[in-house]
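Colleague: Next up is a structure, given as C-alpha cells.
Read-outs throughout are calculated quantities, based only on the coordinates presented, and are distinct from any laboratory measurement. Computed from a predicted structure; not experimentally measured. Neighbour counts run over all protein chains shown; Cβ positions are idealised from the backbone, glycine included.
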Amino acid sequence: MDMNALYRTALMLAEMDQHLGVQFAMRPPPVEQTATKKEEVPETPAAPKPIEIDTTLPAAAQLAAINELLLKSTPLFTGTRNCVPGEGNPNAQLMFIGEGPGKDEDAQGRPFVGAAGQLLDKMINAMGLKREDVFIANIVKWRPPRNRTPTEEEAALSMPWLEAQIQAVQPNIICALGNTPLRALKNNYNIGITRARGRQFLFGNIPVIPTYHPSYLLRNPAAKKDCWTDLQLVLEILGLKTPKRS
Ligand code: URA
C-alpha cells in the first residue's frame, strides 16, 4: 500500500468532515475505560555516573576535586549529616576500603573514627604503619539509614566515586574490609567474606586482599587471628615482610 496516498486520502476525508459537518474520516474506536489497576512498571534503577577528573593532576589535587564534587552532589540517603569521602595519604601504597559511614563518621565527616575505627587504627599500627600512611575509604559515602548494609544498587551507584579515588591514589594493594567492599570490588554478590578472606583477587591491575571488617572483629574477637594472617599477606605483597617459610 502506498502510504503517501493513504495519508492524502485521510487528510481529504478529514477536510470533508470539517466542511460538511459529516464524519467520513476513520476515527480510532473509543478506548474502553475499565477500572482495572494500572500495571505497575518497575522503576528503572539509576545508572552509576562516571566521575570526570583530570587524571594528569597530582593525586592530592584529584582527591580534592573528587571531594568537591561529592560535597556538591545529592546524598545517596536522606537524613545524613555529612558526606564521608575518605582520607589519608594521597600517595598511599595501601588503601583500606570499608562499607560505609556509621553514626560517628556521619557526625564528623571522617571515615572509621568510631569503635571500629579505633580497632582499624590498632591493626594499622600492628602492621608497623601509621594511619597517615594509608588511605581509608568506604564503598558508600553517606551513612545508610539505621546503619543498614548498602544494597547492591547503592554500592554500584557509589563505585564511580571510589574508582576515581583509586585512580588518584593508585595504591599497590587494597585491603577490603568485610562483605560489602569484597562484593562490590569483585562485582559478585554470591560470595562471602568467610570463604573469600585472605584470597587475593585483582581490581583492575591492583591486588585486593579481603579480610574481616573491624566491626565483625569487635563482635567475634576469635577471628582476629585470621585477620592478622591476612594483614601479614598484605605486608608481604607490599614487600614489607619476608614470606613465611614452610
Ligand atoms: N564502618 C565502615 O565500614 N566504615 C566506616 O567508616 C566506619 C565504620
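Colleague: Restrict the check to the range 73-81 and report whether at least one residue is more than 22 Å from Thr149 (Cα to Cα), in a loop (DSSP other than H, G, I, E, B) and more than 17 Å from the chain's Cα centre (by Cα).
Modeller: No: zero hits.
Colleague: When you scan the range 98-181 for helices (runs of 4 or more DSSP H) that lie fully inside it, which ones turn up with 1 or more residues that are near the ligand (Cβ under 9 Å from one of its atoms) and either of a type outside the set (S, T, N, Q) or surrounded by fewer than 23 Cβ atoms within 10 Å (Cβ to Cβ) (or both)? Give the steps one after another, and end with the answer.
Modeller: Working: elements: 103-108, 115-126, 152-169.
Qualifying helices (runs of 4 or more DSSP H): 103-108, 115-126.
Colleague: A further question follows. Kindly indicate whether any position in the range 215-231 is closer than 27 Å to Ile66 by Cα, of a type outside the set (S, T, N, Q) and outside any loop (DSSP other than H, G, I, E, B).
Modeller: No, every residue in the range 215-231 fails to be closer than 27 Å to Ile66 by Cα, of a type outside the set (S, T, N, Q) and outside any loop (DSSP other than H, G, I, E, B).
Colleague: If we scan the range 161-170, do we find a residue that is under 23 Å from Ile191 (Cα atoms) and charged (D, E, K, R)?
Modeller: yes
Colleague: Only one of these conditions is not met by Leu233: (1) away from the ligand (no atom under 13 Å from the Cβ); (2) surrounded by 15 or more Cβ atoms within 10 Å (Cβ to Cβ); (3) within 22 Å of Glu163 (Cβ to Cβ). Which number is it?
Modeller: (3)
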